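The values are calculated or read from the model by the stated rules, or taken from the named source; none is laboratory data. Since the structure is predicted, the reported quantities are computational estimates derived from the model, not experimental observations. For neighbour counting, all protein chains shown are included, and Cβ atoms are generated from backbone atoms with ideal geometry for every residue, glycine included.
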C-alpha cells in the first residue's frame, strides 16, 4: 500500500530503480542523439553525476505520488511543453517549472535537501524574505512643514504583516518579476493646493465648533438631578466625609483628605463601570473619495444621541470610556464637589502632514475548501502552464492546503481528479471570541476637581490612566493615530469653558501650537471670539489664579532641541529662519543648538546660535513705512538690502547678472512720524496728481481736516474753496493697483460751511425721496379707484340683462318699474374719469 500523499518525505539520494529509471530516461529524452549524457540543472545542494543505466531519474517518492494520483502509470505521457515567458523569472518558478523548449526535466536527485512542501507557504516565505523589496520614500512638500509631522510613524515596521486581532486573514502576494533589484520605486506625497488648504482650514473650524457644542451638551446632561440620584447611591458616608474635609484642618491636610477620598471613589467606579464600546477617536482625512464611500463605523462604536440613552447608561453602568468619564463627573457633582468636564477635542487637522484614513478594501469572493484544522480560501496552485498562483488567504496552519495530490504534480488534468468524500466527525459549534476594544492608552474625556485649600484644579482619570493630580500623564505622543492633543477644554457646571491646553502639554509653543487655529493667519482672533461665547463677562479670583498658573507653565517650557521647532516659535528664533523682511538686532545669543555634524572636526557637531524672538524686528522699505505714516530719519543707514522681486519673464536671470538695484530696508527705530506740509491761507498742499496722501489719520496736515462724506468734494466746489481729494490706499487686482479716493481735505475754518452744505444735500435728497414715495402712492390709489368704478359699471350691465330676461314688466332690481329696465331711483351714473383723486361729486 503506498504511503499517504499528505506525508512529507524527503528525497533520499541513491534510492533508485534501474529498470524503471532507464525507461523513464528513454521516454523523457534524457539522452541525446549521440547517446551521450545530457546536462541537468543544479539545485540548491551539491549535484552528482548520473549514469543513464545506473540509476533512475525518478525517485520512489515521486512514483508513489504518481501511483496515488493515477490508476496506471502508463496513462502518463511525457510532460507537456511549457510556454515561454518573457522577462526575468523568480527562483521559485525556475525550481518548479523549467522551459519546455529544451525538453529538460528537473532532476530532483541533484538536490539532497529538496522537500515536497506546500508551495504556497514556501513561496510566501521566499517572497517575504526576498531582497528585492521596494523602498518607500516620502518628500516634503514645503519648508513650512516641521519634522514632527512625519514622526507619527516612528517605530512602525511596515515590512511586517499585520498580526493584531480584528484584521483580515487575506494575504495578497504580488510578484513583479520584470523589476530589477537595483530599481527603487519612490512614492511622492500628494501636493495640497491652496484651495484645498483653505477648505481644510474651514472644515477644521467647523469641526471645532461642532465638538465644542457636543461637549457643552454632555456637560449639561451631567447636571441632571435624576442622574445624580441614581449615581449617589454608590458612595458611602465615609467617602463623602473624606471628599469634604473639616474646616479646622490645615491646608495640606485638606488636600490630602480630598485626594484620599478621590482614590476611594476611583476604586469604586473602576469596579462598577464596564467598558463595552469604543469612544471618540482622532478624525483623519481620506485621500480618496472611495475610502469614504466604503467606510463603515465599527460595530463597537458608541452612539448616544439622546439624553434618555445617557440616563440608561447611568443605570446600567456600561458604555465607552468617554461615557464613564462623563458619568464620573456627574457622580462627583452629586457629592457636592466643584467638578469640570474636560475634553481633548479631536478635530480634523488642517495640516497636510498628518495621517490619513486606512485604504478601503473590498474582499473578493473566496470559495472555501474544508479542512479538519481550519478553512483555507483559494489555496496556492500551479496551473497547467507551470505558473505559480499565490494563495489569497493563509490561516494559522498549512496542513491540508493541497488536498488533491495531482495539484502538486503540476499535471494539466489535475483539476479533474476528485477525491472520495469522507464523513467528518460531528464537531461542536465554535464560539467566536468577542474582539477586544483596542483604543489609545490616553483618554479623551476626564475631569478636574477643585482643591479649595490651594485654589487649584486637580485632573482625575479613574478608567484609563487611573491618576490623580498628574497632568503630564494625559498627553499622547505624536505617533498615536487614535489620539492627538491640540485643544483641551474644561467645562464647569454652569456652562462656562476655559482653554487649559497649556496645563497638559509639555511643548505647547514648539509643537502643539502648530496644530491649532492660532498658528494660521488671523486664527488667534477667531479662537478668542469663539471662546468668548463660553466665558463669563468678568473674571473671578479663581480664574485669575489659573491664568497665572498657565502663564508660569508656558514660561517654564524648555528650549526646543529640534531645528524645525524653532521655526515661527513665539519665544526663540534662529537666524536661518528669518524671513525676507525680518532682521536680527541682537548681537548676543542666549543659547546653542546642534545643527548637524561638523565636517571639519571628526565626530563634532555644528552648533547654531539661538536668539530671542523679541530681538527679531520687522524691516520695511521707505515707501512701506511712508504708507504707515512714518518717514526715515535723516542719516539712517539701511539694516538690510534685499534683491528686487523678479517677474515671471525674468526668472532666468541669476543673482550675479542682476543689475537692478536692491531694496533698502529699515526698522521702526530708524523712522519717525511723518508730518505733511501745513495748510496756509486756506490752500491745501497737493502732490503731483492733484490729491493728498492720507494713509493714516496722522498724515492730515496741520490746519486741515479730513471729511469722509462722498458729497464733500461737490460741497467744496459750490463754496468755491480749495480742497484736495484724499488718497487712502490702493486696490490691487493682479499686478496693477488702483487708487482709492475717499473724501477731501479742506482748511479747518471751512469745515462748518462744508458740513452745512452736505446737510443741505441730505435734506434735498430726503425731499426727493419723499416726493417720489408720495407720487408712487397716489398712482397706486388712482389705479385702485379706477378698478372699482370699472367693476361697478360691469355689474350694472349684468343687472340690466338679467331683468330683461326674467320679467319685461316686473319690478327692476333697483325697486322701480320702467318696462323692465333697471334704473336708479334717485342717482344717476356720472362719468368723472377725467377728475383725479377718486372723490365722487355730490
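So here's what we get for this one:
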{"item": "Residue in the range 322-337 that is within 25 Å of residue 208 (Cα to Cα), outside any helix (DSSP H, G or I) and touching a residue at least 60 places away in the same chain (Cβ under 8 Å) present", "result": "no"}
{"item": "Filter result for residue 249 (in the same structural domain as residue 493 (by TED's automatic domain parsing) and in a helix (DSSP H, G or I))", "result": "no"}
{"item": "Residue tally, condition in a strand (DSSP E or B) and buried (at least 17 other Cβ atoms within 10 Å of the Cβ), over the range 665-701", "result": "6"}
{"item": "Odd one out for residue 739, checked against (1) touching a strand residue (DSSP E or B) at 6+ places or on another chain (Cβ under 6 Å); (2) modelled with pLDDT of 90 or more", "result": "(2)"}
{"item": "Whichever residue in the range 246-294 is without any contact (Cβ under 8 Å) to a residue 40 or more places away in the chain and crowded, with 18+ Cβ neighbours inside 10 Å and, among such residues, is farthest from residue 193 (Cα to Cα)", "result": "257"}
{"item": "Filter pass, residue 223 being in a loop (DSSP other than H, G, I, E, B), surrounded by 11 or more Cβ atoms within 10 Å (Cβ to Cβ) and modelled with pLDDT of 90 or more", "result": "yes"}
{"item": "Test: residue in the range 651-664 that is over 38 Å from the mean Cα position of the chain (by Cα), modelled with pLDDT of 90 or more, outside the structural domain of residue 583 (by TED's automatic domain parsing) and not in a helix (DSSP H, G or I)", "result": "yes"}
{"item": "Single match in 503, 498, 472 (criterion: under 21 Å from residue 340 (Cα atoms), under 29 Å from the mean Cα position of the chain (by Cα) and surrounded by fewer than 17 Cβ atoms within 10 Å (Cβ to Cβ))", "result": "472"}
{"item": "Single match in 342, 301, 265 (criterion: within 21 Å of residue 471 (Cα to Cα), in contact with a strand residue (DSSP E or B) (Cβ under 6 Å, 6 or more places away or on another chain) and assigned by TED's automatic domain parsing to the domain that holds residue 502)", "result": "342"}
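Yes/no matrix, rows are residues, columns are (1) in contact with a strand residue (DSSP E or B) (Cβ under 8 Å, 6 or more places away or on another chain); (2) exposed (fewer than 11 other Cβ atoms within 10 Å of the Cβ); (3) modelled with pLDDT of 90 or more; (4) assigned to a loop (DSSP other than H, G, I, E, B):
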{"residue": "761", "(1), (2), (3), (4)": "no, no, yes, no"}
{"residue": "769", "(1), (2), (3), (4)": "no, yes, yes, no"}
{"residue": "777", "(1), (2), (3), (4)": "no, yes, yes, no"}
{"residue": "784", "(1), (2), (3), (4)": "no, yes, yes, no"}
{"residue": "823", "(1), (2), (3), (4)": "no, no, no, yes"}
{"residue": "832", "(1), (2), (3), (4)": "no, no, no, yes"}
{"residue": "835", "(1), (2), (3), (4)": "no, no, no, yes"}
{"residue": "841", "(1), (2), (3), (4)": "no, yes, no, yes"}
